[in-house]
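Following: one structure in structure tokens, then a few remarks.
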Amino acid sequence: MDRRTAVLAVAATVVLVGFGSGAILAPMIGGEPDDSAATTAPPNTETLALSPGQAPIGARSAMAVSNRAGVRSRPSPGSEASAVPRGARSIAASSAPPAIETALEWAAPLSRSRAPADRGRITPILLHPRQPPAAPVPKIAIVIDDLGHNRAAAERAIALDRAVTLAFLPDAEAAAALAAEARAAGHEVLLHMPMEPIAGAADPGPNALRVGLVPAEVRRRLGWALSRVPGAIGLNNHMGSKFTADGAGMALVLVEAKERGLLFLDSRTTADSVGFSAAARIGLRRAARDVFLDNEVSTEAVAAQLAETERIATAQGSAIAIGHPHPATLAVLESWLPGLANRGFLATPITAVATADDPLLAESHQP
Ligand SMILES: [Zn+2]
């Protein structure tokens, strides 16, 4: 091969590689292979699109930013008005976010891949950093459960600030009437669902969910319990240190809860509970207890647990405390709740601190 042939061969290779990249890139970014796009795209866009190792998302951001920056290209006969491939332009048109901070996010991969000489083009965007949001007020959700068998205690709980969530046992004769009373007073109501504790612990009550029940029986017991507490927006477990650690049983309960549009509050009666993580996997609205207010029933102990709840809310942004209708618990709450706002906290119902994101939905939205 003589010198002239060698030069021609190299030149042909360069042209083929360049063309090939464009032809491959176009379908990757959602458009069709389009010669006019490759030949008439703005120099900037073309350079970025054909950079070796350029990921599709980087190329797409580059196209979108170039379009928004007002880069125009010459229309070519028989093609659409712009020379950017149709797919790229429709991405830019449909998902180009108007906000400056979003433009900054889109421009971030661009600034890394650009040559230093081009960086000046997006500097004005970078001069407007995202403003930090104002610090939100820490939220505290108080839940009183084990309600229903003692009418006087339930009515005292209903008289608390309506931000307090109230959970009723399904076997209590007055459960439905008290739940209706609670809802009328503005409380969110939960079913306090009896579940099997570890061997030797107390009886959770009739129709409790037990490990090893056939699926149809789990659904029947849950359906019965929900019918006993009409208007419940979700459920939390009563006892359940054994059942909540059983993945198969909890999956049945949580899928049923999701189909009914309910949330699950994990009382976390055991560190082995799979309730919260299993709920997360199916995208069920969920929450988990941070503090038990009255494992020790005295006004001093309850007050100390409420202080702990405030500390967690300050650190995490929110905290969930579960208490029971003991006179000491209710008395301390009666004096603690009215001053909560002045201490810089917001009392909220359980729905306000529940996690609602759906991991499957979030996955399908990823580029
Ligand atoms: Zn309970």
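Packing order of peptides 182-194, 312-324, highest average first: 182-194, 312-324 (average count of other Cβ atoms within 10 Å over each peptide's residues).
R0 = 45 Å: FRET efficiency of residue 341 with residue 277, Cβ-based, nearest 0.05?
On the way: r = 33 Å, r/R0 = 0.74.
So, using R0 = 45 Å, E works out to roughly 0.85.
Proximity of backbone amide H atoms, modeled 1.01 Å from N, is registered between residue 242 and 198 at under 5 Å, excluding neighbours fewer than 5 places apart on the same chain. By the count of other C-beta atoms within 10 Å, a proxy for reagent exposure, 292, 168 are ordered fewest to most as 292, 168. If you take all C-alpha pairs in the stretch 207-280, what percent of them are over 20 Å apart? Of all Cα-Cα pairs in the stretch 207-280, 20 percent lie more than 20 Å apart.
The rule of thumb for compact globular proteins, 2.2 N^0.38 Å, goes into the C-alpha radius of gyration of the stretch 213-330 1.15 times. Listing 277, 267 from fewest to most neighbouring C-beta atoms within 10 Å gives 277, 267.
Summarising the amide proton neighbourhood of residue 234: residues at separation of 5 or more, or on other chains, whose placed amide H is nearer than 5 Å comprise 191, 263.
No lab work stands behind these numbers, since they all come straight from the coordinates. Given the structure is predicted, the values throughout are model-derived calculations rather than measurements. Note: ideal-geometry Cβ built from the backbone for every residue, glycine included; neighbour counts use all protein chains shown.
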